[in-house]
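Enquirer: Sending over a structure as structure tokens; questions will come in a sec.
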Amino acid sequence: MRGLLLKDWYVARKNCRLYLAVIVITSVLFVFLETGAAYLLYPILFAGMIPIMILAVEEKTGWNDYSLTLPVTRRQIVSEKYIASLITVGGTCLFLALLWLVRLLVLGGDAYALARLPAQLLCYGVLIPAVSLPPMLRLGVEKGRAVTMAVAVAVALVIVMLSMRADEIGQPDIAARMGWHIPVLALIAAAVFALSWLLSIWLYEKREL
Amino acid sequence: MNALELRGLQKTYGDFTLDIGELTLPEGCVMGLVGENGAGKSTTIRLILDSTRADGGSVTVLGRSSQEDPRRTKAEIGAVLDELGIPGLTALELGHVLENIYPNWEAETYGRLLQKLSVPADKPFHKLSQGMKKKLGIAAAFSHNARLLLLDEATNGLDPVARDDVNEMLRDFAAEGRNAVLISSHIVSDLEKICDYIAFLHKGRLLLCEEKDVLEASYGLLHCPAARLEELDGSAILTRRITAFGAEAVVRRDGVPRGTELSPVGIEEIFIAMAKEDRS
């Protein structure tokens, strides 16, 4: 597992520099410009896409074939992607939390958001790989992308509909407005992530490479 | 113990079926897998690695079923595929990754082989030439105390000096007693130099799997007048070529009259003859 994660780090370092730059820049901008918490989904979105980007590079270069000559199981190959997702999304949430703390100390603001927001963003963030990885691991990145796009459009429509309610634009507690509490959101996100993980293992073990 | 045993191995892709009846690679030996393009050589190697699921039959690697503890089995297999898929890593980075994957990784051996094969340590994989990529794969395959090497067209694209170095490495590797090599290649002349066993794969079927010396002793090249060729038992003749100067035929030695003068025939000629015989 360590070797696979190290490989992902090397690949991300070379191929995802733009993503990392976007994460840093948008995180700083949207924390300090008080644009509203919904905009913080941008860096989270990019963080969630890094493992997918790495998967695309691997597929293009033929790593999928080579990896099966190594003493790693398909289960480990899939699990590594999910662990990488937790690292990228979790790391970004931690970064956002640190920025929010700096903002609190320098500019003041909603201290409660410091506790609430990163947890909420983590929950939303893990949904991106949870939705994307199963079709991509089963069908390949190109075909899987079509499935992911369909889901992303559906999710975006829901977010747009929510955002159209004037009193909800820019509110950090969209989940609370929907009547969900963070623990419930966390439970749903964890369940979706875990089911996605198991599904991906099952699908990848069936895949003919 | 045999290093590799394939029994009744089958795989079907659309209108192509791979059917390996019986293939045995003893320890301490090198086996060459010869076949035309699309014969199923790469598929055979992928089935051994369990990268592709077989439709039937069994694969036994180093005394274990390929599906029993695959991680342990693959830790003892060094594989070099036709296309090596390394996502932009340098040789150095690949070494660090494999060090954390293989339990018996030997960083010193890896470094030494990179130097010996002149592979640059800090150049991204996609910037290496085709030959360099193969050499990198070979260096990695030799650097984790493998007992079985599976090489799929691994020496194709190498310069003659590098090919000679690699052939020597393969001979030394197999000579260590408990090791074995299965190598597929179009460069039959290389296989003739290093192989103990030869397996012929033609359109998915294993035509034969035999000791190279026995194979070479079983067939010969007959040069004679065309009329004399007609007198021979037809089943002894694999291929024939009639020219204005006479006939040339690859024949089975046990099918021609005693005392018939036959020239030695190479593995490539035997394979072509068998493939054409099968085709007709």
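Since every read-out is calculated from the coordinates, none of them should be taken as a lab result. From a predicted model like this one, the values you see are computed outputs, not experimental measurements. We place every Cβ from the backbone using ideal geometry, glycine too, and count neighbours over all the protein chains shown.
Enquirer: Could you work out the relative contact order of segment B:42-185, using alpha carbon pairs under 8 angstrom and six or more residues apart, expressed as a whole percent? Before the final figure, lay out each step's value.
Expert: Details: 188 pairs, mean separation 38.0, N = 144.
With pairs under 8 Å counted, the relative contact order is 26 percent.
Enquirer: Still on this structure, I have one more. For chain A, what is the number of Lys pairs with C-alpha distance below 21 angstrom, counting only pairs 8 or more positions apart or on separate chains?
Expert: Value for chain A: 10.
Enquirer: Okay, helix-only estimate at 222 nm for chain A: each DSSP H run of n ≥ 4 adds -39500 (n - 2.57), divide by all residues, round to 500 deg cm²/dmol; what do you get? Don't skip to the answer; put the middle values down first.
Expert: Working: 9 runs with 171 residues, N = 209.
Rounded to the nearest 500, it is -28000 deg cm²/dmol.
Enquirer: Let me ask you something else. Can you give the Rg to Rh ratio of segment A:36-96, both from alpha-carbon atoms, with Rh computed by the Kirkwood formula?
Expert: On the way: Rg = 14.2 Å, Rh = 12.8 Å.
Here Rg/Rh amounts to 1.10.
Enquirer: Kindly state, as a whole number, the per residue volume in cubic angstrom of the convex hull around the alpha carbon atoms of chain B.
Expert: 148 Å³
Enquirer: Using +1 on the beta carbon of Lys and Arg, -1 on that of Asp and Glu, and nothing else charged, what's the dipole of segment A:22-161 about the Cα centre, debye to 20?
Expert: Magnitude of the dipole: close to 240 debye.
Enquirer: Right, here's the next one. I'm a student and want to see the number: the projected area of the Cα convex hull of segment B:177-280, averaged over all directions, in nm².
Expert: Values: hull surface 31.6 nm².
Mean shadow area of the hull around the Cα atoms is 7.9 nm².
Enquirer: What's the local net charge at B:Asn179, with K and R +1, D and E -1, over the other residues with C-beta under 9 Å away? Provide the component values of the computation, followed by the final result.
Expert: Values: positive: B:Arg147, B:Arg178; negative: B:Glu27, B:Glu176.
So the surrounding residues net to 0.
Enquirer: Calculated FRET efficiency, A:Ala152 and B:Glu106, Cβ-Cβ r, R0 45 Å, to nearest 0.05? Please list the in-between numbers first.
Expert: On the way: r = 46 Å, r/R0 = 1.02.
It comes to 0.45.
Enquirer: Which whole-number value in Å³ per residue fits the convex hull of the alpha carbons of chain A? It would help to have the intermediate numbers written out before the result.
Expert: Working: hull volume 24.5 nm³, N = 209.
Spelled out: Cα convex hull of chain A, divided by residues, is 117 Å³.
Enquirer: Using Cα-only point scatterers and the Debye equation, what is log10 of I(q)/I(0) for segment B:41-197 at each q in 0.15 Å⁻¹, rounded to two decimals?
Expert: The Cα Debye sum returns log10 ratios of -0.80.
Enquirer: If all Cα-Cα distances of segment B:175-224 are sorted into 5 Å bins from 0 onward, what percent lands in each bin, rounded to whole numbers?
Expert: 5, 15, 24, 25, 17, 9, 3, 1, 1, 0
Enquirer: Given the options B:Ile183, B:Val256, B:Gly266, identify the residue whose Cα lies farthest towards the positive end of the charge dipole of segment B:166-280 (+1 on Cβ of Lys, Arg; -1 on Cβ of Asp, Glu).
Expert: The one lying farthest along the dipole's positive direction is B:Val256.
Enquirer: Roughly how tilted is helix B:107-116, in degrees to the nearest 10 and between 0 and 90, from the longest Cα axis of chain B?
Expert: The answer is roughly 50 degrees.
Enquirer: Also: Taking only the alpha-carbon positions of the protein assembly as shown and ignoring solvent, what does the Debye formula give for the base-10 log of I(q)/I(0) at q = 0.10, 0.14 Å⁻¹?
Expert: The Cα Debye sum returns log10 ratios of -0.83, -1.27.
Enquirer: Pick out which of B:Gly35, B:Gly177, B:Gly131 has the largest mean-square fluctuation in a Gaussian network model of chain B, springs linking Cα atoms closer than 10 Å.
Expert: Comparing B:Gly35, B:Gly177, B:Gly131 in the GNM, the peak value goes to B:Gly177.
Enquirer: Give the Rg/Rh ratio for segment B:1-83, taking Rg as the radius of gyration of the Cα atoms and Rh as the Kirkwood radius, to two decimals.
Expert: Numbers: Rg = 12.4 Å, Rh = 13.2 Å.
Using only Cα positions, Rg/Rh for segment B:1-83 is 0.94.
Enquirer: Find how many whole Å separate the alpha carbon centroid of segment B:242-280 from the alpha carbon centroid of segment A:88-110.
Expert: Using only Cα atoms, the two centres lie 80 Å from each other.
Enquirer: Using the charge dipole of segment B:1-150 (Lys, Arg: +1 at Cβ; Asp, Glu: -1 at Cβ; taken about the Cα centre), state which of B:Ala121, B:Val34, B:Gly137 has its Cα farthest towards the positive end.
Expert: Of the options given, the answer is B:Ala121.
Enquirer: Contact order normalised by length for chain B, with contacts defined as Cα pairs under 8 Å and 6 or more residues apart; what percent is it? Let's see the in-between values first.
Expert: Working: 534 pairs, mean separation 61.1, N = 280.
Across chain B, relative contact order equals 22 percent.
Enquirer: With charges set only on the Cβ (+1 for Lys and Arg, -1 for Asp and Glu), what does the dipole of the protein assembly as shown come to about its Cα centre, in debye to the nearest 20?
Expert: Numbers: 50 positive and 56 negative charges, 337 e Å.
So the dipole magnitude of the protein assembly as shown works out to roughly 1620 debye.
Enquirer: Can you give me the angle between helix B:267-279 and the longest principal axis of chain B, using Cα atoms only, in degrees from 0 to 90, rounded to the nearest 10?
Expert: With rounding to tens, the tilt is 70 degrees.
Enquirer: Rounded to the nearest 20 Debye, what is the dipole magnitude of segment B:121-280 about its Cα centre when Lys and Arg each give +1 and Asp and Glu each give -1 at the C-beta? Each step should come with its number before you reach the end.
Expert: Working: 21 positive and 26 negative charges, 113 e Å.
In debye, rounded to 20, segment B:121-280 gives about 540.
Enquirer: Right, another one. Take B:Asp69 and A:Leu86, extend 7 Å from each Cα along the Cα→Cβ direction, and tell me the distance between the two endpoints in nm.
Expert: My value for the distance between the label points is 2.8 nm.
Enquirer: So which residue, out of A:Leu107, A:Leu99, A:Leu41, gets the largest mean-square fluctuation from a GNM of chain A using Cα contacts under 10 Å as springs?
Expert: A:Leu107
Enquirer: A further question on this structure: So if a site counts as exposed when it's one of the GluC sites (Glu not before Pro), its DSSP state isn't H, G, I, E or B, and it has at most 14 other Cβ atoms within 10 Å, what's the longest stretch of chain A without one? Let's see the in-between values first.
Expert: Values: sites that count: A:Glu34, A:Glu208.
It runs A:35-207.
Enquirer: If you don't mind, another one. Based on DSSP H runs of at least 4 residues, each adding -39500 (n - 2.57), what is the mean residue ellipticity at 222 nm of chain B after dividing by all its residues, to the nearest 500 deg cm²/dmol? Intermediate results must be reported in sequence, preceding the final value.
Expert: Working: 10 runs with 94 residues, N = 280.
It comes out at -9500 deg cm²/dmol, rounded to the nearest 500.
Enquirer: Right, something else. With angles folded into 0 to 90 degrees, how steeply does helix B:160-175 sit against the dominant principal axis of chain B? Use alpha carbons for both and round to 10.
Expert: Tilt relative to chain B: about 90 degrees.
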